[in-house]
Amino acid sequence: MADRDYGFRTRALHAGNVPDSATGARALPIYQSSAFVFDDAQDAAARFALQKYGNIYSRLANPTVASFEERIASLEGGLGAVATASGLSAQFITFASLVGAGDHVVASSNLYGGSITQLDVTLRRFGVETTFVASDQADDYAAAIIPGRTKVLFAETIANPSGDIADLEALADVARAHEIPFIVDSTIATPYLCRPIEWGADVVTHSATKFLGGHGTTLGGVVVESGRFDWSNHNFPLFEDTVPHYGGITWHGNFGEYAFLTRLRAEQLRDIGPALAPHSAFLLAQGVETLPYRMQAHVDNARAVAEWLEQDARIETVRWAGLPSHRHHDRAAKYTPAGPSSVFSFDVRGGRAVGEKLIENVQLASHLANIGDAKTLIIHPASTTHAQLTEQQLADSGIGPGLVRLSVGIEDVDDIIYDLDQALSAALSEVDA
Amino acid sequence: MSTETVTLANGLTCELPADSPLAKLWKSQRTWVGPSAKERLAILRNAKSVAIVGASPNPARSSYFVGTYLKQSSPYRVYFVNPNATEILGQPAYPDLQSLPEVPDIVDVFRRASDIPSVMDDAIAVGAPAVWVQLGIWNEEAARYGESKGLTVVMDRCIKVEHARFHGGLHLMGFDTGVISSKRQAR
């Protein structure tokens, strides 16, 4: 083993995938097995008691899934990772491990619609109250914290469709001052563009379905933890209480910095069950191999498309923080120096009617409800992804009626611009007609 | 119980719970640097036997987890040292390092930080080459003392975690092992 800190591109290819000891397979083997045999009764007992490492059942751990987990942990600079069936289940097991009835969450109002409903509908029904902060200032998050009741601070690195950038460093300071973890969903940024742990985040979640997998084929999620949060600070007694179902251990006492992720796997994956399938883990891990190259191409294309849209008279506003006109241009330069990803929105002059016609007239961009595909995607959020939200929630999320969201792909950029240009012309002539 | 021995500005030493604010402050001012990942792997590769000093027969204690892991997931001959126990994990517990049937290649220590110097002396007396002080225990002066007597010292690291880092166990649980290699995983 070389004593060297390997670079991001090398780790995207190699982290988590040392050739298999059994076969020497160079590519990642797909361990399509629900369960794994024990050596003997003693071995079985020790695995179940968490006294030794070993596979038991693929809901808890699987060797193919482990490779994907380690790869993402390495790229994010985390201690480790737990993969899940989707991005929303990654968030759910994280919340489920940290909050219970009577607890309180402080979250951005700018979250993905599904994240808002997870907190505002399902977790609220379970007795967890969330305050959504409709501000980009860390002080307003601090003001929303209820000492003793607030257990987590939650935001997204890059919000969609507003294109807003979270002030990660300032929010991490707020969380640290209140001795609560700062959880960041970094789906849109990916670790190539921003590593929130380097700015003080404690837990990072992803929908791996998006840029990590990169090809629009496979659902998955992942939770990464820094290993730096002090889970014995008495705000999280579950980490310090004895655990009868694991022989009287305490999570923090027995596992130290490994406590959060060990518990997330041994309790939340065990009890809630959203495991990532081995075949999905293979596809996602293979996608990650080219993450650095794809993300660079995504941001390069996004810059060209955003600049073209901004100078076009048919467009009212472009909300990409890589543009000097965006209110978070300075934050983007600080947190995502290579560019704030390729998911952004724009308002067409003429409002909803022109926006809808534009989407009907594209020939290359795909009209669908996803982001982070290698292909360019387009959608009208107010009638689709964010349709569950009230008018006020839509306004808080920065979504107007004529807003169109793009996820710029890695096609030839001239072709993407050609397609938007012809679709805009066609939309305007149809609306005028 | 994790404790840490810190040397104060006046030269006196004191014992602190490892999670106390003062211990955390001192942690940020540590100066002793232990073996690198590659060196830790070499220590583990070269060893054939491990003695766990301060081993506990209580299944909830970390030393019991380490004992179970080393017995079942490593090739080492494992010995338990605890003068107050007779049997641990089906094996005899020895009162001290002198009583072991062989000189252990690694002396793995679960004792208070202030006890580390005397464990170093015991290890030197029997001729053990390496002392591995467990996760959460820190005594910088003892580490320097052990090294001055020719011991290889690892400190504030778990031998189970480090063995698992290089032999697949940590990887199976989704942790970043830091291992990048085109060679087959060691068994």
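FYI, it's all coordinate maths here, none of it is from the lab. The model shown is predicted, which means the values in this text are computed figures rather than measured ones. Neighbour counts run over all protein chains shown; Cβ positions are idealised from the backbone, glycine included.
Key figures for this structure:
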| item | result |
| --- | --- |
| Lys/Arg +1, Asp/Glu -1 at C-beta; the protein assembly as shown dipole; positive extreme among A:L358, A:T376, A:F255 | A:F255 |
| Dipole moment magnitude, nearest 20 debye, segment A:291-432 about Cα centre, only Lys, Arg, Asp, Glu C-beta charged | 540 |
| Kirkwood Rh and Cα Rg combined as Rg over Rh, evaluated for segment A:291-432 | 0.95 |
| J(HN,Hα) series, segment A:67-76, from Karplus relation 6.51 cos²θ - 1.76 cosθ + 1.60, nearest Hz, glycine and proline x | 5, 5, 4, 5, 4, 5, 4, 5, 5, 7 |
| Derived scalar couplings ³J(HN,Hα) [segment A:87-94; Karplus, 6.51 cos²θ - 1.76 cosθ + 1.60; whole Hz; x for Gly, Pro] | x, 5, 6, 4, 5, 5, 5, 5 |
| Contact order normalised by residue count of chain A, Cα under 8 Å, 6+ apart, percent | 17 |
| Gaussian network model of chain A, Cα within-10 Å springs - most flexible of A:T209, A:T150, A:T390 | A:T390 |
| Dipole-positive endmost among A:S226, A:L269, A:G77 within the protein assembly as shown (Cβ charges, Cα centre) | A:L269 |
| Of A:F229, A:F344, A:F36, the one that fluctuates the most in a GNM where chain A has Cα springs shorter than 10 Å | A:F36 |
| Fraction in percent of alpha-carbon pairs per bin - 5 Å, chain B | 1, 8, 16, 20, 20, 16, 11, 5, 1, 0, 0 |
| Radius ratio Rg over Rh of the protein assembly as shown, counting only Cα atoms, Kirkwood formula for Rh | 1.03 |
| Span from the segment B:97-141 Cα centroid across to the segment A:276-333 one, whole angstrom | 54 |
| Relative exposure of A:S58, A:S280, A:S74, judged by other C-beta atoms within 10 Å (fewest first) | A:S58, A:S280, A:S74 |
| Choice from B:I52, B:I159, B:I124 showing the highest fluctuation, given a GNM over chain B with Cα pairs closer than 10 Å | B:I124 |
| Inter-centroid distance (Cα atoms) of segment A:44-123 relative to segment A:139-211, Å | 16 |
| Over segment A:117-206, equivalent-ellipsoid semi-axes from the Cα gyration tensor in Å | 20, 16, 12 |
| Test item: Cα-centred dipole of chain A, Lys/Arg +1 and Asp/Glu -1 on Cβ, debye | 800 |
| Whole-number D in µm²/s for segment A:33-288 (Stokes-Einstein; Kirkwood sum over Cα pairs; 20 °C, 1.002 mPa s) | 116 |
| Table column - 3J(HN,Hα) (Hz), segment A:131-140, Karplus curve with 6.51, -1.76, 1.60, x for Gly and Pro | 9, 8, 9, 8, 8, 9, 9, 4, 4, 6 |
| Other-chain or far-sequence residues with amide H under 5 Å of A:V133's (modelled H) | A:A107, A:S108, A:S109 |
| Net charge of neighbours whose Cβ lies under 10 Å from the Cβ of A:R349, counting Lys and Arg as +1 and Asp and Glu as -1 | -2 |
| Footprinting exposure proxy for A:F8, A:F255 (fewest neighbouring C-beta atoms within 10 Å first) | A:F8, A:F255 |
| B:I88 long-range amide H proximity, modeled H, under 5 Å | B:A93 |
| For A:S425, net neighbour charge (Lys/Arg +1, Asp/Glu -1) across residues whose Cβ lies under 15 Å away | -3 |
| Averaged over A:206-213, number of beta-carbon atoms from partner chains that fall within 10 Å | 0 |
| In range of the label at B:R45: residues from segment A:1-41 whose backbone nitrogen is under 13 Å from the point 7 Å along Cα→Cβ | A:1-3 |
| Cα centre as origin, Lys/Arg/Asp/Glu Cβ charges: segment A:72-182 dipole, Debye | 520 |
| Local electrostatic count at A:L13 - Lys and Arg +1, Asp and Glu -1, tallied over other residues with Cβ under 12 Å | +3 |
| Cβ-Cβ FRET estimate between A:D139 and A:A22, R0 fixed at 60 Å, reported to 0.05 | 0.60 |
| Using distinct alpha-carbon pairs, which all enter the 1/r mean, Kirkwood radius of segment A:1-148 in Å | 18.9 |
| Amide hydrogen neighbours beyond the local backbone of B:M155, cut-off 5 Å, H modeled | B:V133 |
